[in-house]
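Working notes for the structure below.
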Amino acid sequence: ANNQAAARNLQQLHSQRGELAELAEQWCVERIAQELLSRSIERFAADNEPALLQLSRHFLAKLTGGKYTSIDHDSTNPGNFLVRNVADEGFEPGLLSTGTREQLYLALRLAFITYHSEHHEPMPVVMDDCFVNFDDQRTRFALETIAHWDDSIQTILLSCHWRGVELLPPVLPDTLVMELEQNRTTTAAELASQRAVV
């Protein structure tokens with residue numbers, strides 16, 4: 001009986017060693033894949049992050065009218081970044097007002113789209129009510145930034161708010177405005193003059 005139990009235990013031991021060897025091999029493959037992915041991300045960041053940060057700073061300064069001028073890595077927490085104002089005070093994004101935080105996120109998106117378009121064929125960009133948390137001044141800054149954006153990037157702004165359309169004429173008077181309810185197309189300047197008469 002003892003010999004039979006020992007034989008079963010020995011067989012079970014061999015089976016578990018086989019499973020352990022398979023799991024060890026799987027762990028090695030996954031660990032190597034994780035390391036390769038981590039190195040690829042680090043290389044991409046080293047090669048591209050400076051350009052993306054520089055573009056982000058450029059757009060943030062334009063979108064905030066120069067109030068916020070820089071985006072830097074947080075030295076105390078490398079996974080986060082700080083937004084700096086003209087007085088060089090750093091703020092985590094969560095401490096910014098909703099409008100300023102939206103400006104920051106728009107700056108990051110514009111930077112990434114610009115960077116992508118510099119290295120690939122530009123694609124149309126559709127912005128759907130992305131100024132909804134902006135006051136008039138912030139909306140003007142955003143429209144001016146888009147007005148001076150790369151001409152190769154076709155930009156389509158969708159909105160159900162007239163405020164954004166009313167701010168277009170001084171910045172982009174020749175922009176085509178399509179009123180879906182009226183089924184008509186006109187320029188921002190023409191639309192402004194028509195609404196002024198009414």
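The values are calculated or read from the model by the stated rules, or taken from the named source; none is laboratory data. What you see is a predicted model; the values in this text were computed from it and never measured. Glycine gets a Cβ as well: all are built from the backbone with ideal geometry, and neighbour counts include every protein chain shown. These accessible areas exclude ligands, DNA and RNA; they are computed on the full protein's heavy atoms, side chains included. Shrake-Rupley method; radii C 1.70, N 1.55, O 1.52, S 1.80 Å.
Listed here are the residues, each with its yes/no results for (1) touching a residue at least 24 places away in the same chain (Cβ under 8 Å); (2) within 17 Å of H58 (Cβ to Cβ); (3) open to solvent by 70 Å² or more (accessible area, probe 1.4 Å).
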position: E102; (1), (2), (3): yes, no, no
position: Q137; (1), (2), (3): yes, no, yes
position: E144; (1), (2), (3): yes, yes, yes
position: D174; (1), (2), (3): no, no, yes
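Return yes or no: is L36 of a type outside the set (V, I, T) and touching a helix residue (DSSP H, G or I) at 6+ places or on another chain (Cβ under 9 Å)?
No; evaluated as a whole, the condition is false for this residue.
Which residue, of E42, E35, is among the charged types (D, E, K, R) and open to solvent by less than 90 Å² (accessible area, probe 1.4 Å)?
Of the residues listed, the single one that is among the charged types (D, E, K, R) and open to solvent by less than 90 Å² (accessible area, probe 1.4 Å) is E35.
Output yes when any residue across region 3-22 is among the charged types (D, E, K, R), open to solvent by less than 100 Å² (accessible area, probe 1.4 Å) and part of a helix (DSSP H, G or I), and no when none is.
no
Can you run down the residue pairs with Cβ atoms below 8 Å, 6 or more apart or on separate chains, where the first is in region 81-93 and over 13 Å from A107 (Cβ atoms) and the partner is of a type in the set (D, E) and assigned to a loop (DSSP other than H, G, I, E, B)?
Within 8 Å, the pairs are L82/E92.
Just to be sure I understand, how many residues within region 155-168 are buried (at least 18 other Cβ atoms within 10 Å of the Cβ), modelled with pLDDT of 85 or more and not in a loop (DSSP other than H, G, I, E, B)?
2
Can you name the condition, by its number, that S152 falls short on among (1) assigned to a helix (DSSP H, G or I); (2) loosely packed, with under 11 Cβ neighbours inside 10 Å?
Among (1) assigned to a helix (DSSP H, G or I); (2) loosely packed, with under 11 Cβ neighbours inside 10 Å, the lone unmet condition for S152 is (1).
Inspect region 177-196 for any residue being under 23 Å from T64 (Cβ atoms), in a helix (DSSP H, G or I), in contact (Cβ under 8 Å) with a residue 24 or more places away in the chain and basic (K, R) and give the result as yes or no.
No - not one qualifying residue is present in region 177-196.
Taking region 88-116 as the region of interest, how many residues are among the polar types (S, T, N, Q) and touching a strand residue (DSSP E or B) at 6+ places or on another chain (Cβ under 9 Å)?
Of the residues in region 88-116, 2 are among the polar types (S, T, N, Q) and touching a strand residue (DSSP E or B) at 6+ places or on another chain (Cβ under 9 Å).
Surrounded by fewer than 16 Cβ atoms within 10 Å (Cβ to Cβ), under 15 Å from the mean Cα position of the chain (by Cα) and under 17 Å from L157 (Cβ atoms): is that true of V132 in this structure?
Spelling it out, it is not the case that V132 is surrounded by fewer than 16 Cβ atoms within 10 Å (Cβ to Cβ), under 15 Å from the mean Cα position of the chain (by Cα) and under 17 Å from L157 (Cβ atoms).
Is it the case that L143 is part of a helix (DSSP H, G or I) and either small (G, A, S) or within 16 Å of the chain's Cα centre (by Cα) (or both)?
no
Please give the number of the condition L82 fails out of (1) open to solvent by 60 Å² or more (accessible area, probe 1.4 Å); (2) in contact with an Asp or Glu (Cβ under 8 Å, 6 or more places away or on another chain); (3) among the aliphatic types (A, V, I, L, M).
Unmet for L82, out of (1) open to solvent by 60 Å² or more (accessible area, probe 1.4 Å); (2) in contact with an Asp or Glu (Cβ under 8 Å, 6 or more places away or on another chain); (3) among the aliphatic types (A, V, I, L, M): (1).
Just one of T69, T64 is open to solvent by less than 40 Å² (accessible area, probe 1.4 Å) and β-branched (V, I, T); which is it?
On inspection, the qualifying residue turns out to be T64.
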